[in-house]
1. Do the conditions hold for ASP19, that is, is it over 20 Å from VAL148 (Cβ atoms) and modelled with pLDDT under 95?
2. Looking at (1) acidic (Asp, Glu); (2) closer than 17 Å to GLY60 by Cα; (3) open to solvent by less than 50 Å² (accessible area, probe 1.4 Å), which is the only condition GLU104 fails?
3. Considering only the stretch 93-143, state which residues are under 20 Å from LYS44 (Cβ atoms), under 12 Å from the mean Cα position of the chain (by Cα) and not aliphatic (A, V, I, L, M).
Amino acid sequence: MKYIIFYLVLSFFVSCSSDDNIDYVTLNDEEITNYIAQNNLNAKKSSTGLYYVIDNEGDGARPNSTSTVTVAYKGYRTDGTVFEESSTAGITFNLRDVIEGWTEGITYFREGGSGVLLIPSHLAYGNEGKGSISGGAVLIFDINLVAVN
């Protein structure tokens, strides 16, 4: 009996110390809505939790979730720290090969369109993070959809 209690107590402490139990969905949503308010953005929220701002929808082809596209972008955190930026010519990739926030978000624009994607961690790199992007991080991208290839 005391072994069962020991394992129950041990499993409780192990589970409480894990970042997996942090509710990043709620924390990210608060962080994003605060950023939107502070920057006076007119953002929409999708059913997945992605926020997006369409500055210019564009007038060309609209990509789907499996399209190959060329996008010029700047990625940064809510504190303004830039973590990645393309040239103005952009980078070409297939939307199946990027984070979920891009796969969904880029489809809201047409070729020539521009705007902002505000991506919660569950649509980016999750609780684990990747490289210089920490787990649970909100990512913001200024995007310009150069071409739907």
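1. Working: over 20 Å from VAL148 (Cβ atoms): yes; modelled with pLDDT under 95: yes.
So ASP19 fits the description; yes.
2. Against the list (1) acidic (Asp, Glu); (2) closer than 17 Å to GLY60 by Cα; (3) open to solvent by less than 50 Å² (accessible area, probe 1.4 Å), GLU104 comes up short only on (2).
3. Within the stretch 93-143, GLU100, GLY101, TRP102, THR103, GLU104, GLY105, PRO120, SER121, HIS122, PHE141, ASP142 qualify.
The values are calculated or read from the model by the stated rules, or taken from the named source; none is laboratory data. Not measured: the values here are computed from a predicted model. So basically every Cβ, Gly included, is an ideal-geometry build from the backbone, and we count neighbours across all protein chains shown. For accessibility, only protein heavy atoms count, side chains too; no ligands or nucleic acids. Shrake-Rupley method; radii C 1.70, N 1.55, O 1.52, S 1.80 Å.
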